[in-house]
Structure formats: structure tokens, C-alpha cells
């Protein structure tokens with residue numbers, strides 16, 4: 001009877017979860033129709049969000065002045081649209097350069113400190129690695145195809161790729177990069193990989209169509 005107790009508890013919890021999921025949510029009332037003031041505010045709100053994403057700081061009074069001059073055909077703007085685009089492009093580029101410079105310094109400081117850890121080896125290319133658990137099999141060469149489990153993170157611990165989470169090891173030639181390792185990663189980012197080599201895959205011999213199949 002004692003062996004059945006955990007199973008009964010699990011089933012009770014699962015059943016409770018399904019009961020919660022099948023309970024319909026309370027009805028919600030549709031939002032009221034937008035007023036002209038709501039529409040104006042919504043445009044301004046979204047414009048503000050877009051401006052915030054640039055990393056720049058703004059004077060609301062100057063933003064409002066530029067907006068008024070743009071909306072009023074009787075107003076003479078301070079400069080034309082082409083000059084405005086040039087100013088905006090240069091400002092955003094400058095802000096991005098500052099962000100990148102700060103990121104490069106942060107990543108460099110991390111690598112400098114990490115390279116001083118016991119057991120960490122830094123190669124001539126700048127790659128740093130540490131053997132967490134030494135295997136006892138053959139060591140693959142760059143022309144081999146390997147099967148690995150891996151977890152990829154940024155230095156702040158943000159996980160961007162994981163074969164473990166997918167529940168399926170990755171198989172790839174060592175000369176190629178796994179798809180996904182270059183997606184969704186900020187520029188100048190240091191990538192941290194925990195890799196578990198599971199096996200070296202045996203290459204499958206291919207037979208040309210005009211050659212007979214060898215007898216078994």
C-alpha cells in the first residue's frame with residue numbers, strides 16, 4: 001500500500017490541474033469605442049515607446065514642437081524631412097555605438113576574470129574552456145560528426161539555446177555551426193556553452209548509382 005501512495009497523490013494533483021484548466025474564465029466586457037482623444041493618445045503613447053527603444057533621452061517640449069510643426073501645413077519647420085532623417089540616423093547610431101562600447105567592456109572584463117579561474121584554459125584564438133567531467137573515449141577531430149547535449153547562455157545566465165530542454169541531442173559536423181547559435185544573440189556577446197560529448201558518429205558510406213551493391 002505504501003508504494004501506491006505517491007501515485008495516488010500525483011493523480012490527485014493532475015486531476016486538480018485539469019479541473020482548473022477546464023473551468024471557463026469569467027466573461028469580460030468589450031472595451032468601449034475609442035474616442036478621438038483616445039486615438040490621439042494611443043498614437044502618442046506608441047510613438048513614445050518607439051522613442052524609448054532608441055536609448056536616447058528626449059525633451060518632451062521639443063518633441064511636441066516638432067509634432068505640431070509637422071501636423072500644421074501653415075507652419076514652417078525648422079528643417080526639412082531629409083535633414084530630420086539625417087539627424088535622427090546620426091543620433092541613433094551614436095547611441096548604439098555607446099551601448100556597444102559598454103557591452104564590449106563588460107564582455108571583456110568577464111573574459112579577463114573568467115580566464116583567471118582555476119582549470120580554465122585560454123587558447124591562442126581567445127577561446128576559453130574548462131573540462132568539467134573528463135571522458136574516457138576517443139577525442140574527435142574537426143572532420144568528425146559528433147552527437148552532443150549542450151546548453152548555451154549569455155554571461156548573465158540568459159539561455160538562448162538548449163538541446164537538453166528540447167530533449168534531443170544535436171548531431172553535427174564539428175566544422176559547422178549549430179543553427180540557432182547565431183540567432184537572437186546581441187552583438188559583441190560572449191557565448192557560454194556547457195557541452196556534453198555523447199558520441200562520435202560513424203560516417204555512413206554512400207554508394208554511387210552505377211556501382212553494384214556489395215554482397216553481404
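None of the figures in this text is laboratory data; all of them are computed from the coordinates on show. Note that the structure is predicted; figures quoted are calculated from it, not measured. Neighbour counts run over all protein chains shown; Cβ positions are idealised from the backbone, glycine included.
Some notes on this structure:
- Between residue 174 and residue 153, full extension at 0.36 nm per residue minus the direct alpha carbon distance yields a gain of 5.6 nm.
- Segments 25-33, 156-164 sorted - mean Cβ within 10 Å per residue, highest first: 156-164, 25-33
- Stretching the chain fully between residue 193 and residue 69 yields a gain of 39.4 nm (0.36 nm per residue, less the alpha carbon separation).
- For the pair residue 106 and residue 122, the difference between a 0.36 nm per residue extended length and the Cα-Cα distance amounts to 3.9 nm.
- With R₀ set to 45 Å, the beta-carbon distance separating residue 95 from residue 134 gives a calculated FRET efficiency near 0.45.
- For segment 23-97: rounded, prolate or oblate by the Cα gyration tensor [a/c cutoff 1.5]: oblate
- Per-peptide packing, taken as the mean over residues of other Cβ atoms within 10 Å, places 113-120, 146-153, 88-95 in the sequence 146-153, 88-95, 113-120 from highest down.
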